[in-house]
Every structure is written in C-alpha cells, then in structure tokens.
1. Springs between alpha-carbon atoms under 10 Å, Gaussian network over chain B: tell me which of B:ILE146, B:ILE270, B:ILE189 tops the mean-square fluctuations.
2. Give the relative contact order (percent, whole number) for region B:228-302; include only Cα pairs under 8 Å separated by 6+ residues.
3. Per residue Cα convex hull volume for region A:109-153, in cubic angstrom?
4. Normalise the Debye intensity by I(0) for region B:228-302, one equal point scatterer per Cα, no solvent, then take log10 at q = 0.13, 0.16, 0.18, 0.24 Å⁻¹ and round to two decimals.
5. Take the Cα atoms of chain A, find their three principal axes, and give me the spread along each one in whole Å, biggest first.
6. If the convex hull of the alpha-carbon atoms of region A:119-193 is projected onto planes in all directions, what is the mean projected area in square nanometres?
7. So what is the 222 nm mean residue ellipticity for chain B from helices alone, if each DSSP H run of at least 4 adds -39500 (n - 2.57) and you divide by all residues, rounding to the nearest 500 deg cm²/dmol?
8. Which value, in debye to the nearest 20, describes the size of the charge dipole of region B:160-241 about its Cα centre when Lys and Arg Cβ atoms bear +1, Asp and Glu Cβ atoms bear -1, and nothing else is charged?
Amino acid sequence: MNNRSLNRIAFQTIFTKEVLRFMRIWIQTVVPPGITTALYFIIFGNLIGERIGEMEGYSYVEFIVPGLILMSVITSSYSNVVSSFYFSKFGHHIEELLVSPVPDWVILAGYVCGGVARGVVVGIIVTLVSLIFADVNIHSYLLTLAVFVLTSILFALAGFINAIYANSFDDISIVPTFVLTPLTYLGGIFYSIQMLPEFWQTLSLANPVLYMVNAFRYGILGVSDINLGVAFAIILLFIVVLTAFSLSLLQRGVGIKS
Amino acid sequence: MTALSIRNLQKTYANGVVALKGIDLDVQQGDFFALLGPNGAGKSTVIGIICSLVNKSGGTVQVFGHDLDSDPGAVKQSIGLVPQEFNFNQFEPLEEIAANQAGYYGVERKEAFRRAEICLRQLDLWDKHREMARSLSGGMKRRLMIARALVHQPRLLILDEPTAGVDVEIRHAMWDLLREINRQGTTIILTTHYLEEAERLCRHIGIINQGEIIEQTSLAKFLGRLGAESFELNLRHPLAGFADQSVGGFALRQLDDLTLEVEVTKGQSINSLFAMLSERGIEVMGMRSAQNRLEQLFMDVVSGGGPGE
C-alpha cells in the first residue's frame with residue numbers, strides 16, 4: 001500500500017470517528033448553541049436592542065448576527081477538539097493512533113477537520129435560528145465562507161494544543177473560561193469598537209477575535225471596523241503558527257508519550 | 001529472518017529512572033517468544049519503545065529489517081499490539097473499534113468492517129458487535145483488544161500480559177487461538193506473569209531484570225538446566241506408616257495418606273521408580289509436577305543464583 005492511500009484512508013477514518021462522536025451526543029454538542037443564540041437574540045436583540053437603535057446602518061439585532069454565529073463556531077470547534085483529544089489521552093485510546101503508521105499531520109488534520117465539521121453543523125443551526133429574529137442578506141458568500149472555515153480551523157488547532165498540554169479535566173475548561181470567552185465577548189460581537197474610548201479601541205486591536213468577527217461581519221453585512229487584508233493576514237498567520245506548533249508537539253510526543 | 005532485532009536499547013525517563021541499560025534482543029520470524037521479568041524490570045518499556053509509545057534514549061530497533069528511526073511506518077505496519085491496560089474508547093461499539101483500527105492501517109472502510117467481523121467472530125464477540133465496549137466483561141475486553149490487534153493482519157503480534165484477570169476457561173481458549181495464529185506464521189512476543197503460560201506456549205524466552213537481559217535462550221535448553229524436579233504421586237490406597245525414605249535412589253516423602261512427593265534428578269528414569277513402587281504394592285493413580293519448572297528456574301535466575309549450564 002502506498003503512503004498516499006494509507007493517509008487518505010486514515011484521515012477518513014479519524015474524521016468519520018470524530019463526526020460520529022459528536023453526532024452520537026448531539027443533544028450535548030449541537031443543540032445547546034442554538035438555544036443559547038436564541039436567548040441572545042431575545043434578550044440583546046429584541047428586548048435591549050430596540051432601545052439601542054441602529055449600529056453602523058443596521059438594526060442592533062442584525063448587527064449582532066455575524067458575531068453570534070462566529071462565537072458559536074469558535075466555541076464548538078475549540079471544544080470539540082479539546083474534549084475529544086483529551087478524552088483519548090485520558091482513556092489511552094490515543095495509543096491506537098500512536099502505534100499505527102498514521103503520520104502526525106494526518107492525525108492533526110483528522111481532529112481539526114472533526115472540529116471544523118462540528119463548527120459547520122452548529123454554524124448552520126445558529127444561522128437558521130438567526131433567520132427567525134433577523135432579516136439576513138449575505139453581502140459576500142465567498143468571504144463569509146472563507147472566514148467561517150478559517151476561524152474554525154484556527155480554533156480547532158488551539159483546542160488541540162490545549163488538549164495536548166491538559167493533564168486533567170480542569171485544564172480543558174480553564175482556557176475556554178478564562179481566555180477564550182473574554183476574548184470572544186470583547187471581540188466586538190455586541191458592539192463596534194468605534195463606540196469605545198481611544199485607549200480601549202487601541203487595546204481591542206490586540207484581540208485576534210476582533211479581526212475574525214469583523215471580517216465575518218463584512219462578509220455578511222458589508223461593514224467592518226478593521227481592514228480586511230489585515231484580518232486575513234492575522235488569521236492565516238495564526239493558523240500557520242499553531243499548525244507548526246501542533247506538529248512539533250506531536251512529533252516530540254509531548255503529553256502523549258513517555 | 002529476524003522479526004525483531006534490538007541493539008543497545010536504552011531508556012532513561014524524565015524523572016531520572018533508568019529503565020533500560022542497553023539491551024540486545026533477537027526474535028526470529030515465526031517464533032513464539034516470552035519476555036519475562038519481575039514487576040518494574042523493563043518489559044513494558046521495551047514493548048512501548050517497539051510500538052512507538054515510548055521514546056527511546058538510545059540504541060536501535062529493527063522489525064523485519066525495517067529501522068524504527070528511518071522507516072517507522074513500515075515498522076508500525078508490521079506490528080499488532082495487545083497492551084496491558086484497556087485502551088479502547090469504552091463509548092464506541094465493538095465493530096467500530098476494530099474497523100477504525102483497520103482504517104488507521106490503510107484498510108478501506110468496507111473491507112475494514114469485513115475484517116472486523118472476522119476477528120470479532122474469531123474471538124467469539126460478534127454477538128455483541130453493536131454494543132458499547134463499556135458493557136463488556138473483563139475477559140471480553142481482553143478478547144476485544146486481541147481482535148483489534150489482529151484486524152490489520154500484523155506479522156508480529158505483541159501481547160503484554162494478555163490473560164491477566166481472565167478466567168481459566170477463557171485463558172485456555174486464548175492459548176489455543178494464539179497457538180493457531182502462531183502456526184499460521186505470525187511471530188508472537190508475549191509478556192506474562194503466569195510462567196505456566198509461557199512454558200505452555202513459547203519456544204524461546206528472554207528474561208529481563210533491572211533493565212538488563214539476563215537470559216535469552218530456547219525454553220527447552222533453559223528447562224534442561226534443572227538439576228532435579230519434584231513430582232507429587234496420587235495413590236490408590238492410603239499409605240500408613242511410610243517414613244520418608246530413599247527408594248532406588250529416589251528421595252520419597254509422604255505428604256498425606258494418599259500423596260507421596262518424589263524428587264527426580266537429571267538422568268534418573270521415572271520408569272524404574274514406578275517399577276520399584278509396584279514391587280512394594282504401592283499403586284500410583286496419577287502424578288503432577290510439584291512446582292512449575294519454569295517458575296523454579298525463573299526464581300533462581302532473577303534472584304541472581306542462576307541454575308548454571
């Protein structure tokens with residue numbers, strides 16, 4: 001058997017296993033983001049949003065649609081990979097892969113694509129929920145899809161690195177709680193940074209999530225606080241760095257080999 | 001052809017523990033080889049390194065001529081591992097566990113499920129193929145790990161204490177299966193604490209102690225070093241007032257009314273013992289080895305005494 005077909009089949013196997021895993025527990029993995037988003041729309045969009053009025057030419061409920069979709073995608077992609085890979089370490093079934101001839105990059109690709117798949121499924125559900133509350137006309141399908149997929153890949157990689165270093169179940173919730181959630185909430189989902197004082201505007205530019213949310217918002221609404229080129233450069237740079245770092249961790253066996 | 005060739009293999013863990021002090025080990029193709037040693041001797045470290053679960057500190061490992069450092073893919077493709085601890089996803093159905101493992105070795109999905117069925121049937125698990133692995137008993141879980149290790153048809157099967165905690169009936173069935181797998185050409189390396197198991201199954205042994213190989217030979221040669229062997233004789237009629245004595249050079253000792261223990265030294269014919277007992281009107285109904293032979297030698301070697309050639 002040549003390496004190419006082995007890699008293809010191994011990738012399909014890991015990907016299928018990952019998709020079956022989160023679909024088997026769909027009530028925990030796919031449904032909650034839909035309910036949470038509906039609550040955001042009811043509270044922030046309808047009840048509070050009517051008092052806020054328009055933001056960058058859109059009603060508040062329309063303005064928050066892209067951010068809420070992307071927030072669900074970020075959380076789902078990250079949590080899928082971090083929980084699945086950490087659980088495979090905890091239960092030692094990562095050894096099934098380590099003893100097999102699957103190259104490190106295929107293992108990484110399989111887990112990351114599993115995270116992206118969950119991000120896509122959740123993204124579709126949240127988008128459908130959004131359509132109940134807001135009238136969404138997509139400005140650029142290509143741009144929207146590109147940001148959607150790239151952001152999902154980026155956070156799936158981040159989840160993978162978190163899982164590699166995690167030694168307990170606490171370790172897989174610390175980063176999402178204390179890092180990911182603050183960055184996401186302060187990433188311009190619910191507001192435009194133009195509303196902030198200059199100091200906070202400048203500080204917000206250090207938040208990578210801001211670039212993703214704004215690029216995604218541009219794809220859907222056609223408005224953004226930041227330059228699109230810069231946003232894509234930052235997303236791609238993070239993907240390259242996190243991929244290289246993940247492969248280096250796998251190659252050295254950090255957290256998975258003695 | 002050599003199935004496994006290890007040279008100067010060393011392992012020092014991050015905490016400074018030296019697990020392997022530069023071992024050499026050879027296992028020939030088609031062999032049934034036992035790697036024995038007390039707890040903490042380094043058996044699992046050796047297996048971990050061969051199977052890429054542990055990073056070695058030095059030395060070389062070759063499997064069927066493929067070097068672990070320069071051609072890890074070919075090495076891994078050749079090996080099937082049955083580890084000591086259960087290491088499958090307890091929340092997956094048996095069929096998926098086995099089929100996924102085949103997929104990791106490049107077996108197409110349809111063929112992977114066909115092979116999974118064959119292996120699960122072989123290990124008598126097919127009637128549970130859609131059940132979650134967590135619902136299995138301990139013995140079934142052990143069999144599942146063997147089925148999983150066989151699904152990609154490895155040339156070298158490594159079993160790390162495969163029958164630990166398995167009841168006698170299943171253990172014997174597993175022995176039969178392993179003999180059959182070996183007969184079909186698969187090289188097998190076995191670690192076990194049941195020395196009777198090694199004696200029944202294996203043709204060659206290696207004994208590792210404190211990170212060093214202290215013995216590597218054929219089982220027959222090793223057992224040949226025994227100077228004397230004790231047997232227990234079950235008698236038809238109770239024997240009263242039989243003082244411990246020597247009969248025709250055999251040292252006899254009465255354990256109870258119906259049991260005698262005899263020590264047979266190297267070179268003595270057991271036929272002459274039966275003839276002499278028969279002359280004295282002592283009828284023997286059965287006999288068994290008083291101590292497992294391999295166990296006796298193993299204790300000698302590991303304790304540093306050594307049986308000598």
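1. Ranking B:ILE146, B:ILE270, B:ILE189 by mean-square fluctuation puts B:ILE270 first.
2. Contact order relative to length: 42 percent.
3. Values: hull volume 2.7 nm³, N = 45.
For region A:109-153, the hull spanned by Cα atoms encloses 60 Å³ per residue.
4. Log10 I(q)/I(0), no solvent term: -0.39, -0.58, -0.71, -1.16.
5. Reported extents, whole Å, longest axis first: 60, 37, 36.
6. Its Cα hull, projected and averaged over all orientations, spans 6.4 nm².
7. Details: 10 runs with 101 residues, N = 309.
Mean residue ellipticity, 222 nm, calculated: -9500 deg cm²/dmol.
8. 380 debye
Only the coordinates and a few stated rules stand behind these numbers; no lab work does. Small disclaimer: the values here were computed from a predicted structure and weren't measured. Note that each Cβ is placed from the backbone with ideal geometry, even for glycine, and that neighbours are counted across all protein chains shown.
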